[in-house]
Amino acid sequence: MIEVLLVLALPLIGAAVLAVIGERDFAPEVNVVASFCTLLAAAALTAKVVSFGPMLVLEQLFFVDPFNVFLVALTAFVGFTTSLFSRPYMRIERAHGHLTAGRLRLFHSMYQLFNFTMLLALLTNNMGILWVALEAATLATVLLVSLYRTPASLEAAWKYFILCGVGIAQALFGTILLYFAAEKVLGAGGGALLWTELNSVKGDLEPTVLSLAFVFLLVGYGTKVGLVPLHNWLPDAHAEGPTPVSAVLSGLLLNVALYAVVRCKVLVEASTQTSFAKELMMGFGLLSVVVAAFLLSRQKDIKRLFAYSSIEHMGIITFAFGMGGPIANFAGVLHMTVHSLTKSAIFFAVGHATQKAGTQSIDGIRGLITLSPMIGWALALGALAILGMPPFGVFASEFLILTTAMRDQPWATPFLLIALGIAFAAVFSKVQPMVFGEPNAHRLPHRPALVPVFVHLALVLMLGLWIPPYLAEWYRQAARLIG
Amino acid sequence: MAGVPLYAQFINLFAAILLLIAFAMLAQRRVLTLIDLFAAQGLALAISTGVVAYGTSQPHLYFSTALTLLLKVALLPWILHRLIRRLDVRWEFEGLINIPTTMLIGIVLVVFAFNLALPISQLASTVTRSTLGIAMASVMLSFLMMITRRKAIPQVIGFLAMENGLFFAATSATYGMPMVVELGIALDVLVGMLILGVFFFQIREQFDSLDLQHLEKLKE
């Protein structure tokens, strides 16, 4: 119990402290320490859940099972590495005069608050609080997206706020409908929105209401996942915000929103006894993969390019969870992990590359390998990893998803294969000259943080070659829970 | 209306008022009047929640009533008025589509909403179930308002009005959500409003106007 409270309290305390001292010279270090303590607490929680199984805490207010505990660990880990990356990154931005002291304070405080909302969304047992936490996550990041106050960043933040706000309002209606159906079985009061309670009576919930609820929930949370055609906010928010924010948006927020969808899907599927929820998720997932793959080749901005790649990968994961079954769910959970690690690593590398080149335009960044071999290799390896080249982990999960699709949903396989091929051609042809072309860039005033990049890539490589037995067991349990 | 208790008739009355105000907001060009209409809608919502609380003896709904009065009738309109004064914007604005067309689309949406709500309200056991259609209709009308308006503040008012409709849906279908959730939603709305306030100043500082046409540079 104490672990759950620590995981939630530490980022909250961090946010409060950084709201006061966030502009000082040592604030980035405080940010790192707060994230590191959260990671330790999350590790303790994980160890406990692994050895003692699922647990309910504080009068069923919080619920930890293998499915969310791995996301908690991942969130805390990427939160920590991103804080390591943001330390030099934000210092360089400050030295380049892009930011004032006040905005740096805003960044640090909101960064911790964002981590808090993510962890709250993952740990809560109450579907209503889940909604509140996801909306709070939007609110915490909207001012981060507009941190530079450029016209484009303001537009991106406005779009993000309004689209996600409207989307999440749909999810609220879905939650109301869910409560409406649950109230009949469980009686009025707080108990009727607790996921564990809902899960125990999921077969008795009214199927018509739940189908309608799922449409609203999928559209609502799907907006945050970035599913096509609700993805418009995503590339703008990723491209215009500071790079650490892009890294956590792609690496964490999208996962957590998808987590919400999957939690709902478990209930709806058991209630309706039809493949309605599955088909809906597969449809949205496939559409996202295909549309994002085609849009990839038209991108001129490096951060937008990888934002579209996030849409594509979220589509793949949604499709995998839509198919369901032990193997597809296993692959979906694995893909969430490797995508999160790889994409944040790429954004770290891209962040320093854009600082070196002084532009985010793909044409403006050339020859990283001669100027800064480490950044060059980081970007090249990251791009290969995200494109699903063996032996990286993304290959393993995509391979599992594709083979399951061939067996269960053969009609979808050609679309997936073509989309993956197009994505490969688009991303590779754009990244290759950035790494190997004629150099043009300048020196950075602070040493770039490349340790997180290589740690992430090493982890992804390891997951591709060998998944530790306890982790595999963990994923298997999570896959069984999702059904 | 034999067999329908008096308080239920009152709820229907206020539901109708809610819908009428949603239409009035759709047709309103002046931003100050729009804020007043939003406050009036909040009031209708609060009274109907209060009547539901009284009629069905749901004590926690009194709390929701108080929350609605405080937040949507007093605090948010006050913040919006202050913002308007500080930003010194008092323009009348044109929507993307002219008003009569918008109203016609609105009517179609209401019919659609009633159809969509029909299967659910048949399942509901609450006395207020007939108002679920109205709740959905006002959500959709607010949505329409957000789509057709170009300026930042009317879009936000549309957003808040949508939240009113959702709240009304929660009361009419289930006698309100659990308290902790309602508090969380209220907190999110309030914080969101404050952030938007900051945001308006940023947009104004950057573009010298709150016209969202400036915010149409990012494509794909």
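Structure above, values below:
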item: Complete set of residues in region A:436-477 that are modelled with pLDDT under 85 and among the aromatic types (Phe, Trp, Tyr); result: A:TYR470, A:TRP474
item: A:THR318 being among the polar types (S, T, N, Q), more than 16 Å from A:PHE415 (Cα to Cα) and within 20 Å of the chain's Cα centre (by Cα); result: no
item: Given (1) touching a residue at least 60 places away in the same chain (Cβ under 8 Å); (2) outside any helix (DSSP H, G or I), number of the condition A:GLY97 does not satisfy; result: (1)
item: Single match in A:ILE311, A:ILE302, A:ILE317 (criterion: in contact with a strand residue (DSSP E or B) (Cβ under 8 Å, 6 or more places away or on another chain) and either under 30 Å from A:GLY358 (Cβ atoms) or not charged (D, E, K, R) (or both)); result: A:ILE302
item: Qualifying positions in region A:205-236 - aromatic (Phe, Trp, Tyr) and either touching a Leu at 6+ places or on another chain (Cβ under 6 Å) or modelled with pLDDT under 90 (or both); result: A:TRP233
item: Any hit, region B:65-72, residues being among the basic types (Lys, Arg) and surrounded by 14 or more Cβ atoms within 10 Å (Cβ to Cβ); result: yes
item: Any hit, region B:40-54, residues being among the aromatic types (Phe, Trp, Tyr) and more than 18 Å from the chain's Cα centre (by Cα); result: yes
item: Any hit, region A:16-37, residues being buried (at least 21 other Cβ atoms within 10 Å of the Cβ) and closer than 28 Å to A:LEU194 by Cα; result: no
item: Out of A:PHE70, A:PHE62, sole residue that is touching a residue at least 60 places away in the same chain (Cβ under 8 Å), surrounded by 17 or more Cβ atoms within 10 Å (Cβ to Cβ), aromatic (Phe, Trp, Tyr) and closer than 19 Å to A:SER340 by Cβ; result: A:PHE70
item: Listing of helices (runs of 4 or more DSSP H) fully contained in region A:112-205 that carry 1 or more residues being basic (Lys, Arg) and within 8 Å of chain B (Cβ to nearest Cβ); result: A:151-186
item: Test for B:PHE23: is it over 19 Å from B:PHE159 (Cβ atoms) and modelled with pLDDT of 85 or more; result: no
item: Among the residues listed as B:ILE120, B:ILE84, B:ILE147, the single one being in a helix (DSSP H, G or I), buried (at least 20 other Cβ atoms within 10 Å of the Cβ) and at pLDDT below 85; result: B:ILE120
item: Top-ranked residue in region A:374-432 [being touching a residue at least 60 places away in the same chain (Cβ under 8 Å) and not in a helix (DSSP H, G or I); ranked as farthest from A:GLN299 (Cα to Cα)]; result: A:GLN409
item: Which numbered condition A:LEU402 misses (of (1) out of contact with any His (no Cβ under 6 Å at 6 or more places or on another chain); (2) surrounded by 23 or more Cβ atoms within 10 Å (Cβ to Cβ)); result: (2)
item: Filter result for A:LEU104 (more than 13 Å from chain B (Cβ to nearest Cβ) and buried (at least 24 other Cβ atoms within 10 Å of the Cβ)); result: no
item: Selection within region A:397-416 - within 23 Å of A:PRO326 (Cβ to Cβ) and among the hydrophobic types (A, V, I, L, M, F, W, C); result: A:PHE399, A:LEU400, A:ILE401, A:LEU402, A:ALA405, A:MET406, A:TRP411, A:ALA412, A:LEU416
item: Test for A:ILE369: is it in a helix (DSSP H, G or I) and modelled with pLDDT under 90; result: yes
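The values are calculated or read from the model by the stated rules, or taken from the named source; none is laboratory data. Remember, it's a predicted structure, so these values are computed and weren't measured experimentally. Every residue, glycine as well, gets a Cβ built from its backbone with ideal geometry; the counts of neighbours run over all protein chains shown.
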